[in-house]
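So the structure is just underneath, and the comments pick up after that.
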Amino acid sequence: MRDFKDTFWPEKGLQSPIYFGVHFVRIISSSISDRGISSPDCFHQDGEPFTFAHLVRRSKSTDGGVNYIGSTGVRNMALGEVPDSEILAEFELGNFMDSFAVHDPRVSHYVTPIIKSEAHAEDAERCMILIDFSPMVQKI
């Protein structure tokens, strides 16, 4: 409910009924050469108007997992292809329930692969809960 309160809808009535999806995403890396990749491995848009991402767990052995928010013009591009001027934000979630939200029509987003740190014995692990909201009302 807290996430839904942060949404906005351009047309009266589109806020109800609402479809919401809840997804648990766990990515693991067991060695430096084993990249844990969040799909797709490029800047993208999800297709739902709003997506909220909440960190559930990030092991101490995790390197990577840096989030980028880009303009819509960099959709389907790899990070190395994107000009710095098209990157709107760069950040890393580190603590339980660190979160961010995207308004899909306005931005694209990407997260770098995670890898296991050499300094730790345990596997690298990054667990997220993703919550997305879409109107159930169809425009015909």
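The values are calculated or read from the model by the stated rules, or taken from the named source; none is laboratory data. These numbers were taken from a predicted model, which means no experiment stands behind them. Methodologically, a virtual Cβ is constructed for each residue, glycine included, from the backbone with ideal geometry; neighbour enumeration extends over all protein chains shown. These accessible areas exclude ligands, DNA and RNA; they are computed on the full protein's heavy atoms, side chains included. Shrake-Rupley method; radii C 1.70, N 1.55, O 1.52, S 1.80 Å.
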Inset, instruction - Using a 1.4 Å probe and ignoring any ligands, DNA or RNA, find the accessible area of Glu81 and quote it in Å² to the nearest 10. - result: 110
Inset, instruction - Identify the trypsin sites (Lys or Arg not before Pro) of region 32-100 meeting these criteria: DSSP loop state and at most 15 other C-beta atoms within 10 Å of the C-beta. - result: Lys60, Arg75
Legend entry - Note, ³J(HN,Hα) from phi for region 100-106, Karplus 6.51, -1.76, 1.60, rounded to Hz, x at Gly and Pro: 8, 9, 10, 9, 3, x, 9
Legend entry - Dipole moment magnitude, nearest 20 debye, region 29-135 about Cα centre, only Lys, Arg, Asp, Glu C-beta charged: 160
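Counting only protein heavy atoms and using a 1.4 Å probe, what share of the accessible area of region 29-135 belongs to carbon plus sulfur, as a whole percent?
Values: 2590 of 5240 Å².
Result for region 29-135: 49 percent of the exposed heavy-atom area is carbon or sulfur.
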Inset, instruction - Please work out the average accessible area per residue across the chain, using the 1.4 Å probe convention, and give it in Å². - result: 59
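Find, among the chymotrypsin sites (Phe, Trp or Tyr not before Pro) in region 1-73, those assigned to loop by DSSP (not H, G, I, E, B) with at most 15 other beta-carbon atoms within 10 angstrom.
Working: sites: Phe4, Phe8, Tyr19, Phe20, Phe24, Phe43, Phe50, Phe52, Tyr68; in loops: Phe8, Phe43.
In loop regions of region 1-73 (DSSP not H, G, I, E or B), the sparsely surrounded chymotrypsin sites (Phe, Trp or Tyr not before Pro) are Phe8.
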Inset, instruction - Add +1 for every Lys or Arg and -1 for every Asp or Glu among the other residues with Cβ under 13 Å from the Cβ of Ile32, and state the total. - result: -2
Inset, instruction - Post the alpha-carbon centroid distance, region 85-140 to region 20-84, in whole angstrom. - result: 5
Legend entry - Kirkwood Rh and Cα Rg combined as Rg/Rh, the chain: 1.01
